[in-house]
Amino acid sequence: MSDDRPADPTSGDPTGARAPMRPLVLEAADARVVVRPDEGGRLGSVSVGGRELLVTSDPAGWIQWGCYPMAPWAGRIRNGTFAFAGQTHRLPLALPPHAIHGVVYDRPWSVLDADSISIDLDERWPFRGRVVQRFALDEDGLEVTMSLEAEEPMPAVIGWHPWFRRVIDGVGAPVRLAFAPAEMLVRDADGIPSGERVPPSVEPWDDAFTGLSQPPVLRWGEALRLELDSTCPWWVVYSEPPHAICVEPQSGPPDAANLAPEVVEPGLPLTHRMRWRWTRG
């Protein structure tokens, strides 16, 4: 499940060019959030007290920066293949030999209003639908809500993929993660969950977990505490990179389309919330 760089997509434009789009900027007290509709609808920057929490760029691609939405699947789908309603579907292999992270993180989104953006699922996904994100910032935290609205029945997983900096400005101590799941999924030789559940291993992780007894917490020394709460029942933690750590809430595990798909119906959107609560000092 590690995030090696896939080929850089062109957002549906054969020239790779697209018109510039203004970001959404939210501010409250000393917190500032920049949403980038043009860069896959991701959080491009989250700073608290002048300290940037996210990796803010990756010249080599789309996958290793910011906090981007994953839909209509999260993580990998084995060999880019799954069956639904008696039909086999094949997806583009953004990270061969597997499909990865959905079809909304690498294309521009449309701005609905000052705090909402949307995108239609494109032809890489065999079912039609739309994804909407809404953002709310206050002095104590950020809340993001994502909804997948299906125009026809489809298997689906939604979630977010943040890249948190291990070290933030003015704090010498690297980030520490407090994380207490009940179970993790075993990965096979292909790096894909087999479906077997076991007690969590020790770090480093590149794994899917569930059954949390409390929300994950990141601490950068004594300067900042960040609690990550979500209605999503699954979390993927990728703690191998030396410069970053990813703590990803997801409505289902990687390869859910093959393991145990959640079916979304027209008129019954799949909706989840992510809330970051920070404490300074």
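The values are calculated or read from the model by the stated rules, or taken from the named source; none is laboratory data. All values reported here derive from a predicted model rather than from experimental measurement. Here Cβ is always computed from backbone atoms with ideal geometry, including for glycine, and neighbour counts include all displayed protein chains. When the accessible area is computed, the model is the full protein with side chains, heavy atoms only, and any ligands, DNA or RNA have been set aside. Shrake-Rupley method; radii C 1.70, N 1.55, O 1.52, S 1.80 Å.
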Counting only protein heavy atoms and rolling a 1.4 Å probe, one gets per residue an accessible area for the range 71-118 in Å² of 38 Å²
So what is the relative contact order of the chain, in percent, for Cα pairs below 8 Å that sit 6 or more residues apart? 19 percent
Which number do you get for Rg(Cα) / (2.2 N^0.38 Å) in the range 59-169? 1.17
The range 187-281 - accessible surface per residue (Å², probe 1.4 Å): 43 Å²
Ranked highest first by average number of other Cβ atoms within 10 Å, how do 269-277, 69-77 line up? 69-77, 269-277
With an 8 Å Cα cut-off and a minimum separation of 6 or more residues, compute the relative contact order for the range 72-192 in percent. 18 percent
For the pair Ala182/Arg128, report the inter-label distance in nm, with labels modelled 7 Å from Cα in the Cβ direction. 4.1 nm
Exposed GluC sites (Glu not before Pro) absent - longest run of the chain, DSSP non-H/G/I/E/B, at most 12 other C-beta within 10 Å: 1-122
Kirkwood-based Rg over Rh for the chain (C-alpha set), two decimals? 0.94
Calculate, in whole percent, how much of the Cα-Cα pair population of the range 97-158 lies beyond 13 Å. 67 percent
Amide H contacts under 5 Å for Ser45, restricted to residues at least 5 apart in sequence or on another chain and with H modeled in the peptide plane, are Val34
If R0 is 41 Å, what FRET efficiency do you get for Leu268 and Ser194 from their C-beta distance, rounded to 0.05? 0.85
Filtered chymotrypsin sites (Phe, Trp or Tyr not before Pro), the range 139-190: DSSP coil and at most 10 other beta carbons within 10 Å: none
For the range 53-105, what percent of Cα pairs sit more than 13 Å apart? 63 percent
Return the sequence-ordered ³J(HN,Hα) values of the range 186-198 in whole Hz as given by the Karplus equation 6.51 cos²θ - 1.76 cosθ + 1.60 applied to θ = phi - 60°, using x for Gly and Pro. 6, 9, 8, 5, 8, x, 10, x, 8, x, 6, 9, 9
Computed FRET value (nearest 0.05) for Gln87 with Glu222, which takes r as the C-beta separation and R₀ as 51 Å: 0.40
Relative to 2.2 N^0.38 Å, what does the C-alpha radius of gyration of the range 127-281 come to as a ratio? Two decimals please. 1.11
Could you please state how large a percent of the accessible area of the chain is carbon and sulfur, counting protein chains only and using a 1.4 Å probe? 49 percent
Report, in deg cm²/dmol and to the nearest 500, the calculated mean residue ellipticity at 222 nm for the chain, where each DSSP H run with n ≥ 4 adds -39500 (n - 2.57) and the sum is divided by the residue count. 0 deg cm²/dmol
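How high is the FRET efficiency from Ala260 to Ser201, r the C-beta distance, R0 22 Å, rounded to 0.05?
0.50
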Have a look at Pro108, Ala85, Ile119 and report the one farthest towards the positive end of the charge dipole of the range 82-135, computed about the Cα centre with Cβ charges (Lys/Arg +1, Asp/Glu -1). Ala85
Only Lys, Arg (+1) and Asp, Glu (-1) charged, at Cβ; the chain dipole about Cα centre in debye: 260 debye
